[in-house]
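K.L.:
What follows is a structure written as structure tokens; I'll ask about it next.
What follows draws every value from the coordinates through simple rules; no lab data is involved. A quick note: this is a predicted structure, and the numbers were derived from the prediction, not measured.
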Amino acid sequence: MSEQHIFLVGPMGAGKSTIGKQLAVFLNRPFFDVDNEIEARTGADIQWIFDMEGEEGFRARETRVLMDLIANDSSSVIATGGGIILRPENRRALQENGQVIYLSATKEQLYERTRKDKNRPLLQVDDRKAVIDQLVDRREPLYQEVADLVFPSGTVQPSKLGKTLAQALADL
């Protein structure tokens, strides 16, 4: 496997950050989380950015951080935000700069994993289930489009998943 980035894409709650950290350990690579990088660079949380700049402002920041991470290191594991695939330039950058793993999860798994989450701006609504359904239906084809590998995040422990994913990547 060449030394290029490994990008994790998928819906919120799929386990991109958790599994990404484990994968980075197995592969002995640096790990970056795009949302955490945005917060570190702005000194503000994602909710505040959404409140002040709207989703479009957040997406512009997300694109800049993605491009910076791609330019700064050639072999990181990078967990992206669930909506990063909405912009064509991001999809192109992901595909051209590494291997893209789509961490998939069922809608039921996503409902359960995000049930108590208070940090995701798009889920600060009364009907979370409807929002998740809508997001998955809209984004699923885009995740599929960019993916080199579709990997169900399932119900296995993240540490086991990280190891299994590392093995699957070695086979690509």
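K.L.:
Going by the alpha-carbon gyration tensor, a ≥ b ≥ c the square roots of its eigenvalues, is segment 39-94 rounded (a/c under 1.5) or, if a/c is not under 1.5, prolate (a/b greater than b/c) versus oblate?
P.N.:
Cα axes put segment 39-94 in the oblate bin.
K.L.:
Shape verdict for segment 5-162, please, from the Cα gyration tensor: rounded (a/c under 1.5), prolate (a/b greater than b/c) or oblate.
P.N.:
rounded
K.L.:
Could you pull out every residue, at least 5 positions away or on a different chain, whose amide H is within less than 5 Å of the one on His5? Hs are placed 1.01 Å off N in the peptide plane, and Pro or chain starts have none.
P.N.:
Ser76, Gln99
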